[in-house]
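**Student:** If you scroll down you'll find the structure; I have some questions about it.
Every read-out reported here was derived from the displayed coordinates using simple, explicitly stated rules and does not represent laboratory data. What you see is a predicted model; the values in this text were computed from it and never measured. So basically every Cβ, Gly included, is an ideal-geometry build from the backbone, and we count neighbours across all protein chains shown.
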Amino acid sequence: MQFTTLTFVLYLGLVFSVYWLLPQRRIQNLALLLASYVFYGWWDFRFASLLLISSLVDFGVGWGLEKTESPIRRRLLLALSLACNLGMLAFFKYFGFFVDNLRAMGSAIGWEFDRVTLEIVLPVGISFYTFQTMSYTIDVYRRKIPAARSLLDYLAFVSFFPQLVAGPIERAERLLPQFQRPRCFSYAPAVEGCRQILWGFFKKIVIADRLGIVADQVYGNISAANGLEICVATIAFAFQIYCDFSAYSDIAIGTARLFGFDLMRNFAYPYFSRSYVEFWRRWHISLSTWFRDYVFIPLGGSRVARCRVASNLLITFIISGLWHGASWNFVVWGALMGTLVALESLWPRTRNTSKNDIPGGHGTWPTLPGAARMCIVFSGMCLGWLFFRSKSLSDAWLALQTIAADVLRANILRDFGQLLGDSKQLRVLLFVGVLLIVEWIQRERPHVLAVGHLSTWQRWAVYSSVFWITLFVGPKHSVPFIYFQF
Amino acid sequence: MKRFLGKLIGFCALQSAILGLLLWGYQEDRYGFCETIIAKHYLSETVSGSRIFFMGGSNVAYGIDSPLAAEQLPHRPINLALSALHGLDFMLMESLDVAREGDIIVLSLEYEHFFEDLTSVELIVRTASWRPEMLRNVGWTQARVILDQGLKFICDTVKHAAKRQRQGEVDAPKSPEEILAHQGFNIHGDFVGHHGKEPTFEFQPTRRTQFQENTAYVARAIEKLNQFARQCESRGVAVVLAYPPYERGYFEERKEQIAWLDKRLRQELAIPIINSPSEMAYESSHFFDTAYHLTAEGKQIRTRQLVEGLYTNLAIKSKQTETAIARRSNSSVKASVRSGKGSVNGDYITAK
């Protein structure tokens, strides 16, 4: 079930009504569990069995880890959980990639393999919930958290529908206790949740899907585009993926609030970052912290020699790239991001910014050096997005060649003027401009529509405007969220 | 909770009031052709003898010369097609709704039906407003699509209401023949409103590669068609699949994907295919306004090809031996026209 559909709006209303009419926490959890499986099964009910298998295995492993003290048995149990989750991921997500590369390597050395083809459909959200269940098992193994005692609570935690398909990837330490204690309706979080849902709808329908048209046109047939068009399409994609994914997170967080749950923040105005390290503290925070805790730190983290830190960062980002998709362009994207962050880590130390700092710094306007750094970070990200959006590595390479050839053209400025004259491109710039301005103004708040400080009529005017702009601009097609494919 | 619900209801009431003001006196006419659904059902109910139904999207509505087919086939041709945006499920359900023993259904689906779901909720709602009985046939799959697209429907309605694209006056109720004539269809249900008009179609290379090979989606489409074939077989209805006419430039752009589709269909489809995609790739000059809409000349070529395909693939008796049946079915339609609701003028019915 897609968030930005009438189906979801009606379904949310139904589940919300039933949920708060139920008297006990356990029955509420059962209702959430059923609602989550229906939500997930809406795509394909067969996928729900994978979710159940992953949940049951990790619940059993967690229970086993709690019961045994033997280090060997504990390691075996952990290995079982990892094998099951990573095995599922490997089969459904990476099988084709491995086979294709094996065949390519084989033919390079003169061995021809029989063509092994399996038409495997990638179950929606598999990368997200496998990571969530794995983090639970690893945390129980590390004795960071106790194993869940109630299967119902655990199943409801893993399948919690607002964040099931595309995160935020919650840790058991934070979310599971919320399923284990009674919940009562609270006005302020529910209203905040509605605001966040409305803003999520706006970002997805009005901005992301519109920018997506520009990006799809160019990246759909990269050989027909000129360098300027590729640049504009890449910038459009940079904002498309941000608005798309952060909109999903906003709707997820807002929906969870309606049920009395608090999910972690996933985006904190990343394009106002002044360094790549800061960017990754503000972008897809739940995944970045997952890789930090379960890959980067076990590799040695930052408490080793600086060269080791840099190589650890590179490895972590390459794995993160592979997590995004079974394709070499994602690996290159990860390597590029890793290189940028690693180079920054080798640079003479400056004060580290955290996600809690004000994005872009204090003051009404950004300082000149601050703005310059934001532009540099954004340019590097766009280079990365070029690889991320391209259909293949050869397409990405062609795009780079085309840009390089076009930058030196004499009439590039005239073409740029013509491009701006096109009403579609101008509208894209307008959307992006408005987004940046409102985000800059609201950057100290958790999301743009956090307008609780305004008077009632001002708030209602803002809500109504956002609502009507969303309805008026409307979805052209039902465009799935980009991160569904991961 | 009371405070929250109070405010939520207040907000919804305010927005509904704004919506009410916006839609006040607004009437949609973008899909006026949907009313021909009544006339097409009327045709299929009133024609006796064995019939041949042409079903598909607008490639069929624009692309069949039924009078020509009637000359060559012993069956009475009825063109049931309206728009591809009705979606595959709707087309199959509508065909099953009208077909009876001895009939033939020729399905000619736009290629897009095998690559994406084309169902437009707006079109379904508009059509259902003319023929509410069709909602009985809406299955679970289609209900899901309608729900999933509901937001788009609301947005589109708001958008057009705001621009005030009105119909103007509300038309008085019309007879089926008047509806067909009013919307530019002939008595067989073929769209002929563009005959004699200057074609506007021009091939423009598209940047976006359409027809993404989606194995799961095509498998579902084939399964639906196979299920449809089984239902037809149990009712004694013959069914064949014919590729649609497609402009050669677009065909060349999507040649690989179409070949991939053709291969799968020939391997897995339980319905005979009576032509090939390449033979249905026509020159630009045969198209009226899109890569699927044929001109009057184009539709004659297509119809002849279809008839030949039907002779080859189905055991259809020659026209001479079946003339009597065809004459009877023709006369029954014309008789109803003569009964005072319209008059026949060549291919057209002229509304009184």
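**Student:** Please work out the C-alpha center-to-center distance from the stretch B:294-315 to the stretch B:38-76 and express it in whole Å.
**Tutor:** After rounding, the separation between the Cα centres reads 13 Å.
**Student:** Dipole of the stretch A:305-396 (Lys/Arg Cβ +1, Asp/Glu Cβ -1, origin at the Cα centre): which of A:THR339, A:ALA396, A:SER327 lies farthest to the positive side?
**Tutor:** The residue sitting farthest along the positive end of the dipole is A:THR339.
**Student:** Among B:233-244, A:190-201, how do they line up by average Cβ neighbours within 10 Å per residue, starting with the highest?
**Tutor:** Result, highest mean first: A:190-201, B:233-244.
**Student:** Mind checking which aspartates and glutamates have their C-alpha under 15 Å from B:LYS197, skipping anything on the same chain fewer than 8 residues away?
**Tutor:** Within the straight-line cut-off, B:LYS197 pairs with B:ASP289, B:GLU297.
**Student:** While we're on this one: Assign one of three labels to the stretch A:154-227, namely rounded, prolate or oblate, based on the Cα gyration tensor with a ≥ b ≥ c the square roots of its eigenvalues; rounded applies when a/c is under 1.5, prolate when it is not and a/b is larger than b/c, and oblate otherwise.
**Tutor:** Oblate is the answer for the stretch A:154-227, as a/c is 1.5 or above yet b/c matches or exceeds a/b.
**Student:** Also, quick follow-up: What shape does the protein assembly as shown have by the C-alpha gyration tensor, where a ≥ b ≥ c are the square roots of the eigenvalues, rounded means a/c under 1.5, and otherwise prolate means a/b greater than b/c and oblate the rest?
**Tutor:** prolate
**Student:** For each pair in A:LYS93/A:LYS203; A:LYS203/B:LYS224; A:LYS93/B:LYS263; B:LYS40/B:LYS152; B:LYS152/B:LYS224; A:LYS204/A:LYS391, compute the distance between the two Cα atoms and list the pairs where it is over 32 Å.
**Tutor:** A:LYS203/B:LYS224
**Student:** Pick out, from A:GLY360, B:PRO74, A:TYR187, the residue whose Cα sits farthest towards the positive end of the charge dipole of the protein assembly as shown, with +1 on the Cβ of Lys and Arg and -1 on the Cβ of Asp and Glu.
**Tutor:** Value: A:TYR187.
**Student:** Nearest 0.05, what FRET efficiency do B:GLU133 and B:ARG304 give at R0 = 45 Å with Cβ-Cβ as r?
**Tutor:** Efficiency for this residue pair is about 0.80.
**Student:** How much of the DSSP bridge set in the protein assembly as shown is antiparallel, in percent, rounded to the nearest 5?
**Tutor:** 30 percent
**Student:** With the dipole of the protein assembly as shown worked out from charges on the C-beta (+1 for Lys and Arg, -1 for Asp and Glu) around the Cα centre, which of A:LEU82, A:VAL466, A:TRP63 lies farthest toward the positive end?
**Tutor:** A:TRP63
**Student:** Magnitude of the Cβ-charge dipole of the stretch A:229-341, K/R +1 and D/E -1, about the Cα centre, nearest 20 debye?
**Tutor:** Using only the charged Cβ atoms, the result is roughly 500 debye.
**Student:** Based on DSSP H runs of at least 4 residues, each adding -39500 (n - 2.57), what is the mean residue ellipticity at 222 nm of chain A after dividing by all its residues, to the nearest 500 deg cm²/dmol?
**Tutor:** -21500 deg cm²/dmol, from helical runs alone.
**Student:** In what order do B:THR119, A:THR289 fall by count of nearby beta-carbon atoms within 10 Å, going from fewest to most?
**Tutor:** If I rank by nearby Cβ atoms, fewest first, I get A:THR289, B:THR119.
**Student:** Then there's this: For the stretch A:286-407, rounded, prolate or oblate, judged on the Cα gyration tensor with a ≥ b ≥ c (square roots of eigenvalues), a/c < 1.5 rounded, else prolate if a/b > b/c?
**Tutor:** The shape class here is oblate.
**Student:** A follow-up question, please. Magnitude of the Cβ-charge dipole of the stretch A:147-231, K/R +1 and D/E -1, about the Cα centre, nearest 20 debye?
**Tutor:** 380 debye
**Student:** Tell me the label-point distance for the pair B:LYS197, A:LEU82, using the 7 Å Cα-to-Cβ offset, in nm and rounded to one decimal.
**Tutor:** Those two pseudo-labels are separated by 6.8 nm.
**Student:** Rounding to the nearest 20 debye, state how big the charge dipole of chain A is about its Cα centre with +1 on each Lys and Arg Cβ and -1 on each Asp and Glu Cβ.
**Tutor:** 1260 debye
**Student:** Could you put A:CYS375, A:CYS184, A:CYS84 in order, starting from the residue whose Cβ has the fewest other Cβ atoms within 10 Å?
**Tutor:** In increasing order of surrounding Cβ atoms, one gets A:CYS184, A:CYS375, A:CYS84.
**Student:** Follow-up. Just report the Cα centroid separation between the stretch B:256-282 and the stretch A:136-205, whole Å.
**Tutor:** 49 Å
**Student:** Let me ask you something else. Give the order of A:THR316, A:THR402 when sorted by the count of other beta carbons within 10 angstrom, beginning with the fewest.
**Tutor:** Result, fewest neighbours first: A:THR402, A:THR316.
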